[in-house]
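The values are calculated or read from the model by the stated rules, or taken from the named source; none is laboratory data. Small disclaimer: the values here were computed from a predicted structure and weren't measured. Don't worry about glycine lacking a Cβ; one is built from the backbone with ideal geometry, like all the others, and counts go over all protein chains shown. When the accessible area is computed, the model is the full protein with side chains, heavy atoms only, and any ligands, DNA or RNA have been set aside. Shrake-Rupley method; radii C 1.70, N 1.55, O 1.52, S 1.80 Å.
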Amino acid sequence: MNNERDYYKATRRAVAAVNLPSPLKDRLDAIVRSVARSMNSGASLILLDSSGSKAVHSSSRALPQFYLHKGLLDVDKSLCEVLSGQTVTISDVANDSRIQHPELAAKAGIVSILGVPVMSGERAVGSIRVYARERCEFSAQDIAFVTTMANLAAIALNSDPSCQKTAVKQKNPLPPEASLLRRARSVDFAHPSEEDFARILDFYNIEWVYEPRSFPLRWDGDSVTEMFTPDFYLPGLDLYIELTTLRQSLVTHKNRKLRRLKELYPEVKITLLYKNDYDRLLAKYGCGPLAQTRAHGISRVLYSAVQIDDRVRALAGQISKDYANRRPLMVGVQRGFLCFMADLIRQITIPVDIDFMAISYYTGGSDSAVRITKDIDLSVVGRHVIMVEDIVDTGLTLTFLVDWLRERNPRSLKVCALLDKRKRRLVPFEADYVGFTIDDGFVVGYGLDFDEKSRFLPDICTIKNHN
Ligand code: IMP
């Protein structure tokens, strides 16, 4: 497609860009730009998600939005040889079964494709693809150039601090984890609230992709007349999330679209987050417009000390039965668990060990990831572990903690939560033992606080004026 001299110049430019102290996504963008420009084609860097089964367009050039919004690529359906380390050339996209979406490729005017793996050590962590608009037999020189660019992308990825951390921990390079994918992608958010939301997901290390797929909703003959593009996709949970920070009239329109989407694509899981829910989510972390709302005292007792005592006894009875002849390790998550766990272990009739841990919460500040601020002291390896939490709300904290504990190889792991606000779940999470399922108002007492206040109350109470 080009001569050796031009490829040399393009390589020199890309190497200089990768050597700059700029964010990873800018350096990867420069590589993809160089490939697209030198080969006069569309180009894209595709990276594997942390499960290794889906691939995400991380940077792209000269490709139409509808092609990029076709959804995540299934590794086993889309040029799978590339992700097992081989270079693939397809001269006629229309007649090749290795393409996952041939009809969209044809619509985008793509005729030939070259795919080259991005190798990190022995493993492919992604690929660079070139999309030619004219039929093309890629030459050895073309392939050598794109391979050099793929190697350069691997150098950029491996030199990123989040990848180095993983490599040291695991003793060998891994496919990019959530934080690396995030740094690798250039995302133009349509709305600042989406960027805030992405930061919360990043904080809990929940992998996300912004607007990866557009769902056709209505057609006029062959042409699509209405589409719906959810804001986020969380590959680890196979869940789409749509934020509606809009006026009510537009929300009604969006709801209609959502109903249609559910009819046409019943297998798609999607959660809608309304403006008020979203503002309350931010307020929980001390950010957003509701953060300054102050509570004015206790509104009413939701569960009295006597009711709590009854329920704790029942839970303790169940746990004692389920763990008969075993010695579980009960791990409390500081600090709301305190009264609950103290009462629980005194009602349990089998021997238990106890430990505690604490984590940092999202504050919208400089901490970009959740940290364990107090680790457990006992080993969990081979133990039957029961995590004890005060309350499950969005599910973000426990999803993170359960993953974190599972990596430490307990024999079994269950979660016991005093309260469950099921309706407020953002990510699916099921606790194994639940004290009470409650509606979504804010509660205090029996160890739970609002702004560090009211933990000492013996009852669980709702508070006034809390949105
Ligand atoms: P999640 O990550 O949204 O599930 O948050 C769980 C954490 O949020 C809990 O451990 C509590 O610290 C806090 N939280 C959520 N709702 C309440 C509430 O109503 N009262 C007190 N703390 C709450």
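Conditions tested, residue by residue: (1) over 30 Å from residue 213 (Cβ atoms); (2) modelled with pLDDT under 95.
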{"residue": "264", "(1), (2)": "no, yes"}
{"residue": "312", "(1), (2)": "yes, no"}
{"residue": "316", "(1), (2)": "yes, no"}
{"residue": "324", "(1), (2)": "yes, no"}
{"residue": "334", "(1), (2)": "yes, yes"}
{"residue": "349", "(1), (2)": "yes, no"}
{"residue": "371", "(1), (2)": "yes, yes"}
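For the structure I just gave you, tell me whether residue 456 is near the ligand (Cβ under 8 Å from one of its atoms), in the same structural domain as residue 379 (by TED's automatic domain parsing) and open to solvent by 40 Å² or more (accessible area, probe 1.4 Å).
Working: near the ligand (Cβ under 8 Å from one of its atoms): no; in the same structural domain as residue 379 (by TED's automatic domain parsing): yes; open to solvent by 40 Å² or more (accessible area, probe 1.4 Å): yes.
For residue 456, the condition - near the ligand (Cβ under 8 Å from one of its atoms), in the same structural domain as residue 379 (by TED's automatic domain parsing) and open to solvent by 40 Å² or more (accessible area, probe 1.4 Å) - is not met.
Checking residue 340 against (1) open to solvent by less than 40 Å² (accessible area, probe 1.4 Å); (2) assigned to a strand (DSSP E or B); (3) within 13 Å of the ligand (Cβ to nearest atom), which single condition isn't satisfied?
So residue 340 meets the others, but not (2).
For a quick check of your reading of the model, give me the residue pairs whose first member lies in region 258-285 and is without any contact (Cβ under 8 Å) to a residue 12 or more places away in the chain, whose second is more than 16 Å from the ligand (Cβ to nearest atom), with beta-carbon atoms closer than 8 Å and at least 6 apart or on different chains.
From region 258-285, the pairs are 262/268; 262/270.
Please find, within region 343-390, the residue that is surrounded by the most Cβ atoms within 10 Å (Cβ to Cβ) out of those that are small (Gly, Ala, Ser) and more than 24 Å from residue 429 (Cβ to Cβ).
Taking region 343-390 and keeping what is small (Gly, Ala, Ser), we get 358, 360, 364-366, 368-369, 379, 382.
Still in the running and more than 24 Å from residue 429 (Cβ to Cβ): 365-366, 379, 382.
Working: 365: 10, 366: 5, 379: 12, 382: 9.
Step by step, filter region 343-390, then rank; the result is 379.
Kindly list the number of the only condition in (1) open to solvent by less than 30 Å² (accessible area, probe 1.4 Å); (2) within 19 Å of residue 244 (Cα to Cα); (3) assigned to a helix (DSSP H, G or I) that fails for residue 308.
(2)
Do any strands (runs of 3 or more DSSP E) entirely within region 189-276 hold 2 or more residues that are of a type in the set (S, T, N, Q) and outside the structural domain of residue 73 (by TED's automatic domain parsing), and if so, which? So that I can check it myself, show each step before the final result.
Working: elements: 215-220, 223-228, 232-234, 239-244, 270-274.
Of the strands (runs of 3 or more DSSP E) lying wholly inside region 189-276, those with at least 2 residues that are of a type in the set (S, T, N, Q) and outside the structural domain of residue 73 (by TED's automatic domain parsing) span 223-228.
Evaluate the following for residue 448: is it assigned by TED's automatic domain parsing to the domain that holds residue 332 and more than 10 Å from the ligand (Cβ to nearest atom)? Walk me through how you get there before you give the answer.
Values: assigned by TED's automatic domain parsing to the domain that holds residue 332: yes; more than 10 Å from the ligand (Cβ to nearest atom): no.
No: the conditions fail for residue 448.
Yes or no, residue by residue, for (1) in contact with a Cys (Cβ under 6 Å, 6 or more places away or on another chain); (2) open to solvent by less than 20 Å² (accessible area, probe 1.4 Å); (3) modelled with pLDDT of 90 or more:
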| site | (1), (2), (3) |
| --- | --- |
| 156 | no, yes, yes |
| 176 | no, yes, no |
| 180 | yes, yes, no |
| 183 | no, no, no |
| 188 | no, no, no |
| 194 | no, yes, no |
| 203 | no, yes, no |
| 217 | no, yes, yes |
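For residue 236, work out the one condition from (1) more than 30 Å from residue 21 (Cβ to Cβ); (2) in contact (Cβ under 8 Å) with a residue 60 or more places away in the chain; (3) more than 14 Å from the chain's Cα centre (by Cα) it doesn't fulfil.
That leaves (3) as the condition not met.
Among 401, 413, which is the only one that is of a type outside the set (Asp, Glu), within 13 Å of the ligand (Cβ to nearest atom) and either surrounded by 17 or more Cβ atoms within 10 Å (Cβ to Cβ) or under 30 Å from residue 279 (Cβ atoms) (or both)?
Numbers: 413 fails: within 13 Å of the ligand (Cβ to nearest atom).
Testing whether each residue is of a type outside the set (Asp, Glu), within 13 Å of the ligand (Cβ to nearest atom) and either surrounded by 17 or more Cβ atoms within 10 Å (Cβ to Cβ) or under 30 Å from residue 279 (Cβ atoms) (or both) leaves just 401.
Can you name the condition, by its number, that residue 224 falls short on among (1) in contact with a strand residue (DSSP E or B) (Cβ under 9 Å, 6 or more places away or on another chain); (2) at pLDDT 85 or above; (3) surrounded by fewer than 18 Cβ atoms within 10 Å (Cβ to Cβ)?
Failing condition for residue 224: (2).
Given 36, 30, 14, which one is crowded, with 18+ Cβ neighbours inside 10 Å and out of contact with any helix residue (DSSP H, G or I) (no Cβ under 6 Å at 6 or more places or on another chain)? Reasoning before the result, please.
Numbers: 30 fails: out of contact with any helix residue (DSSP H, G or I) (no Cβ under 6 Å at 6 or more places or on another chain); 14 fails: out of contact with any helix residue (DSSP H, G or I) (no Cβ under 6 Å at 6 or more places or on another chain).
None of the others qualify; the one that does is 36.
Given the options 420, 393, name the one that is more than 23 Å from residue 313 (Cβ to Cβ), within 16 Å of the ligand (Cβ to nearest atom) and surrounded by 13 or more Cβ atoms within 10 Å (Cβ to Cβ).
Values: 420 fails: more than 23 Å from residue 313 (Cβ to Cβ).
393 is the lone residue from the list that is more than 23 Å from residue 313 (Cβ to Cβ), within 16 Å of the ligand (Cβ to nearest atom) and surrounded by 13 or more Cβ atoms within 10 Å (Cβ to Cβ).
Could you please let me know if residue 301 is open to solvent by less than 30 Å² (accessible area, probe 1.4 Å), of a type outside the set (D, E, K, R) and within 16 Å of the ligand (Cβ to nearest atom)? Walk me through it before giving the result.
Details: open to solvent by less than 30 Å² (accessible area, probe 1.4 Å): no; of a type outside the set (D, E, K, R): yes; within 16 Å of the ligand (Cβ to nearest atom): yes.
So residue 301 does not fit the description; no.
Can you spot a residue in region 428-438 that is open to solvent by 20 Å² or more (accessible area, probe 1.4 Å), within 22 Å of the chain's Cα centre (by Cα) and more than 11 Å from the ligand (Cβ to nearest atom)?
Of the residues in region 428-438, the ones open to solvent by 20 Å² or more (accessible area, probe 1.4 Å) are 428-430, 432, 434, 436-437.
Next cut, within 22 Å of the chain's Cα centre (by Cα) only: 428-430.
Filter again for more than 11 Å from the ligand (Cβ to nearest atom), leaving 428, 430.
Checking region 428-438: at least one residue is open to solvent by 20 Å² or more (accessible area, probe 1.4 Å), within 22 Å of the chain's Cα centre (by Cα) and more than 11 Å from the ligand (Cβ to nearest atom).
Starting from region 136-150, take each residue that is open to solvent by less than 40 Å² (accessible area, probe 1.4 Å) and list its partners that are of a type in the set (Ser, Thr, Tyr) and in a helix (DSSP H, G or I), counting only C-beta distances under 8 angstrom and pairs at least six apart or across chains.
145/7; 145/11; 145/38; 149/11; 149/34
Among (1) in contact (Cβ under 8 Å) with a residue 60 or more places away in the chain; (2) over 23 Å from residue 200 (Cβ atoms); (3) not hydrophobic (A, V, I, L, M, F, W, C), there is one condition residue 449 misses while meeting the rest; what is its number?
(2)
Please go through (1) crowded, with 18+ Cβ neighbours inside 10 Å; (2) modelled with pLDDT of 90 or more; (3) within 10 Å of the ligand (Cβ to nearest atom) for residue 466 and return the number of the only condition it doesn't satisfy.
(2)
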